[in-house]
Amino acid sequence: MNFGSILQLIAILAFGVGILGVAFSFTLASQGRSARGGVLLSVIGFIAGIVMFIISAGILIVEPARAAVIINVLTGELEEPARAPGTSIIIPGLQEFIIYPTDQQEYTMSGISSEGRQAGDDAVEALTIDGQEIRLDITVLYRVAREDVNQVHLNWQNRYENGFIRPTVRAIARDVVSQFEAEAIYGVDREALGGAIQERVGARMEEEGITLTSLLVRQIDFNDAFAQSIEQKQIAEQDLQRARTEAERDRTVASGLADAAEEEARGRANARLIEAAAEAEALRVISDQIAANPNLIQYLYVSNLSDNVSFALLPSDSPFIFNVDDFTQLGEDFEAPAVTETNLPNFGDTETEPGN
């Protein structure tokens, strides 16, 4: 209970005392006694009640986050600035006051009846530049500063929400939407749309002494046909991107296989070069040995015959038939070179005939 309420309670009690004084006066008078005491009591009670009532009416208590516009009832002028929160005095009968909130307030326009300030479907309907109809749910957060309360009162009184904020936001939102394509709003330009609406609404509200804290485009609804077409287009783009990714992966795999095949072929070629070099070196060694030991060929030939072979038929260009015993008795000073798989000559198929 504030101080003004206490004074008003005292005024009521004082008026009660005055009424009791009147009743007491009538009682004394009916008994033939002097009613002076009752009259005095009633006068004091009524005077005290009137004084307390006037005093209570002259006390202005402004609660936190509020501001009081003081109006001179004779001239219609407003006291500057508006009264701040706290207790102050006004002149009853000459001054009136109206309390305005200065804390942050919210105004919502929504297609869901339980969310918006207005009952029923209150979404903002607008047309895009390409003729598509969209619906927007918008919430406006704003406040009226104490130094601007008098201006708001002069311009709108307590009608500033329905008379100014609501129609202004709806008109600006429609105008901004008309500058965008529906597909852009559906995609990357949704945030840009909200920013453009907020910028223009903020500038307009500032002209009227109202500070815009934030403007939220909470929901954007498109008609079903347009939404389905956009969804199908996005699915097609996703399929195309997937195909491109798979094609790139196949190209990468094919390139890797080609590189592997090329490396394998290069390895085989290097191995063949090494093998050919080894064979050439082996032939060179054999050639050197044959030059140094003319009987080496006959020796190698005989050494590879079976133990039970006494005679062998040589190729047609050789006029000799060798007796095995003649070639098994080589000189003591003859030393056959070491023969390996790399330097052993290939004589082809040789027909042998076992001895009789």
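The values are calculated or read from the model by the stated rules, or taken from the named source; none is laboratory data. Owing to the predicted nature of the structure, the values given are computational and were not obtained by experimental measurement. Neighbour counts are summed over all protein chains in view; Cβ atoms, including those assigned to glycine, are modelled from backbone coordinates with ideal geometry.
Applying the selection to the stretch 98-145, what residues are acidic (Asp, Glu) and free of Cβ contacts under 8 Å to residues at least 60 places away in the same chain? Listed by number, the residues that qualify are 103, 106, 115, 121, 122, 125, 130.
For the stretch 116-144, residues that are modelled with pLDDT of 85 or more and surrounded by 15 or more Cβ atoms within 10 Å (Cβ to Cβ) total 18. Could you go through the stretch 93-111 and let me know if any residue there is more than 30 Å from residue 171 (Cα to Cα) and assigned to a helix (DSSP H, G or I). Looking for residues that are more than 30 Å from residue 171 (Cα to Cα) and assigned to a helix (DSSP H, G or I), one finds none in the stretch 93-111, hence no.
Of the listed requirements (1) over 23 Å from residue 93 (Cα atoms); (2) of a type in the set (Lys, Arg); (3) touching a strand residue (DSSP E or B) at 6+ places or on another chain (Cβ under 9 Å), residue 36 misses just one: (3).
Here's a check for you: in the stretch 1-36, which residue that is assigned to a loop (DSSP other than H, G, I, E, B) and not basic (Lys, Arg) is modelled with the lowest pLDDT? It comes out as 1. Examine the stretch 65-87 for a residue that is assigned to a helix (DSSP H, G or I), without any contact (Cβ under 8 Å) to a residue 60 or more places away in the chain, among the small types (Gly, Ala, Ser) and farther than 30 Å from residue 214 by Cβ, and state whether such a residue exists. Among the residues of the stretch 65-87, not one is assigned to a helix (DSSP H, G or I), without any contact (Cβ under 8 Å) to a residue 60 or more places away in the chain, among the small types (Gly, Ala, Ser) and farther than 30 Å from residue 214 by Cβ, which makes the answer no.
I'd like to know if the stretch 160-170 contains one or more residues that are among the polar types (S, T, N, Q) and under 16 Å from residue 105 (Cα atoms). Looking through the stretch 160-170, at least one residue is among the polar types (S, T, N, Q) and under 16 Å from residue 105 (Cα atoms).
Scanning the stretch 65-80 finds no residues that are buried (at least 18 other Cβ atoms within 10 Å of the Cβ) and at pLDDT below 80. Quick check: is even one residue across the stretch 244-266 of a type in the set (Lys, Arg), modelled with pLDDT of 80 or more and in a helix (DSSP H, G or I)? Yes - at least one qualifying residue is present in the stretch 244-266.
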